[in-house]
Structures are given as structure tokens and as C-alpha cells.
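The values are calculated or read from the model by the stated rules, or taken from the named source; none is laboratory data. Note that the structure is predicted; figures quoted are calculated from it, not measured. Here the Cβ positions follow ideal geometry from the backbone for every residue, glycine too, while neighbour counts run over all protein chains shown. These accessible areas exclude ligands, DNA and RNA; they are computed on the full protein's heavy atoms, side chains included. Shrake-Rupley method; radii C 1.70, N 1.55, O 1.52, S 1.80 Å.
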Amino acid sequence: MAKVFEKPHALSDVSMHYCPGCTHGIIHRLVAEVIDELGIEGRTIGVAPVGCSVFAYNYFECDMQEAAHGRAPAVATGIKRAVKDSIVFTYQGDGDLAAIGTAETVHAAARGENITIIFVNNAIYGMTGGQMAPTSLVGQVTQTTPYGRDTSTQGYPIRVCEMLSQVEGAAYLERVAVNNIPNIRKAKKAIKKAFQNQIDGKGFSLIEVLSICPTNWGMSPQESMKWLEENMMPVYPLGVYKDKEQGEA
Amino acid sequence: MAKVTFNEQKCKGCGLCVSVCPKKIISFADNLNAKGFKPAQVVNMDECIGCASCAIICPDCVIEVER
């Protein structure tokens, strides 16, 4: 018998701190598998965010750098420009990328920086205990919206892929999900393309991954997967939002 | 002929593998691991088809698959 599935080399053997069923672990593994398959572990530098995935630097075997809250794309810009043959990716949550780090994200895209961003959207602030995020759905109950997100005072969810698709400098934008096996396979394909784009010098690539937060959503992991499909996907449709190679998607 | 191996100590008992197994052969052990979770296990390995669905959805890289 031959091994058909084992831990990728680029993922460290450390036990992750994430809650049971948290899909950060799946997305970490997909990134590590892509790094393995492209054979770029030695020249890859990851930038970790602030949020649940703040300890991402412990889980990847490549070089890692921690960034101040939301500033990962700015830090990645500096690393990429200073170490030109490196492959630089950031791994950010929705609070980091779409709230405090919106400016860095939009301007890194506008400059067309040749970096890869993995954006994990679980529609809530995880690490701080389940407060409303910019990506929380209308009517979603969180710690800070106990009666549901009310658009008259809390506004509407930010759709990052749609927003960035208007930015000329962005090369590749795709939204994927990790709620079932086919979608996990598609997510890996998208992440691989985002890294390949950088190797080929094509510019700014961002993959938004719809993810779950069983702890702060107050559901089991299985119920969360269903909630993602029924509630998040209609608001955040999956697909390619921009691919400069193919023209506008 | 296929075999899955669970790293019992890394398992957090989230049950995602249980929910995706097409043969429904994954269950939780009666004992607790060092983290205090009941780890996932396969009792009847003969029925495993080695599809690796459990390993693909596992957030903690608990599972190795041989085929």
C-alpha cells in the first residue's frame, strides 16, 4: 500500500491552537500542500496577521513574519521588493483584512503588488470572542449585535472580491469555500493559481475563502458547514471575480 | 484494500470526518486523549475504500491514508 494522503512538508508538526472543527486548519494545509507541490518552500516568506491565525507563523515551515494588525499587505510589499526572488503570501482574516487593514489591502491591489493574499472570511471576529465583523451578514446575531446586524446603524457586509474587482491593479480574485470535499479541492486549485501567478510575475492575487467559526457562531462544526452554505454563499457567491488573463470575469 | 491511521493525540473530536465518510465507518472512541477529546476512530477497517475524504476535511491533519 502506498500513502495517498499525509501531512504536507511545509506544514509543521505542531498541534494547532484552533477550536475543534475550525477550518483555518484546512486552509493552512491547502497552502502548505501548494507550497510543496510548487517546490517553493525554501524561498517562500509568509506574513501572519492579527486575529485567530496570529500564530500561523508556528504552523508553516517556511520563513514567516508577523505584521501589525491589518498591515500584512504592506509588510508583504516590503519583503517582496527587498527580496525579489522570494514568494510572499499573507494569511489574513476578515477583521484584519476587511476592517483595520482595508486601506493596505486596497492599495496593495491598486499598486498591483506581485503578492498572494489568502483571505479567510468567517463573517465574525473570532479571537476577540465573536463581535460583529465588516463581513457579518445582515441580521446575524453576534456579541455586539445581539438582536442581529441592523443596517440602519451597522450598515452592510463588505464584499471584498467584488470591491477589488474594480481596482485596475488586481490580477486575480477568486472566492472559494471549504464546506465540503469538492469545494476544498476547488479552493486548493485557486490557491495554487494564486501562487503560480506570483511565480509568473502576474501581480496581485487574492483568494477569499469562506470559512466557519463553530465556537462563535454557537453551532457544531457540521451545523456550521450547513449555515455557511445556506446563509453565507447567497451573500458571498463563489467564483472568479477577476482574472486578467481571461479578461473581466 | 485501504487503511486510514488516526493520530489520536492530535484529534479534537470535531466530527467533520464522521460527517463526510461515504461508508459511515468513523466513530468516536470511548477513551479521552491528552487534550480531553474523544478521538475519531475506524473500527471496521475492511470497509474503508481509501477515498481520503476524512483526511481532506480534517482541520488538524490527524489522518493518514494508504491505499
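Among the residues examined, A:TYR125 qualifies as touching a residue at least 60 places away in the same chain (Cβ under 8 Å), among the hydroxyl-bearing types (Ser, Thr, Tyr) and open to solvent by 10 Å² or more (accessible area, probe 1.4 Å). Might you check whether a residue that is within 24 Å of A:HIS17 (Cα to Cα), among the polar types (S, T, N, Q) and either surrounded by 16 or more Cβ atoms within 10 Å (Cβ to Cβ) or out of contact with any Ser or Thr (no Cβ under 6 Å at 6 or more places or on another chain) (or both) occurs anywhere in the range A:99-108? No, because not a single residue in the range A:99-108 is within 24 Å of A:HIS17 (Cα to Cα), among the polar types (S, T, N, Q) and either surrounded by 16 or more Cβ atoms within 10 Å (Cβ to Cβ) or out of contact with any Ser or Thr (no Cβ under 6 Å at 6 or more places or on another chain) (or both). Cβ-Cβ contacts under 9 Å between residues 6 or more apart (or on different chains), taken from a first residue in the range A:229-249 that is closer than 16 Å to A:THR135 by Cβ to a second residue that is modelled with pLDDT under 95 and β-branched (Val, Ile, Thr), are absent. Of all residues in the range A:71-90, none satisfies being open to solvent by 30 Å² or more (accessible area, probe 1.4 Å) and under 22 Å from A:MET225 (Cβ atoms). Specify which of the listed residues (A:ALA133, A:ALA103) is aliphatic (A, V, I, L, M), free of Cβ contacts under 8 Å to residues at least 60 places away in the same chain and more than 14 Å from A:TRP217 (Cα to Cα). After applying the criteria, what remains is A:ALA103. Elements of the type strands (runs of 3 or more DSSP E) sitting completely within chain B and holding at least 1 residues that are open to solvent by 70 Å² or more (accessible area, probe 1.4 Å): these cover B:3-6, B:26-28. Note on the range A:16-51: residues that are without any contact (Cβ under 8 Å) to a residue 12 or more places away in the chain and surrounded by 18 or more Cβ atoms within 10 Å (Cβ to Cβ) total 1.
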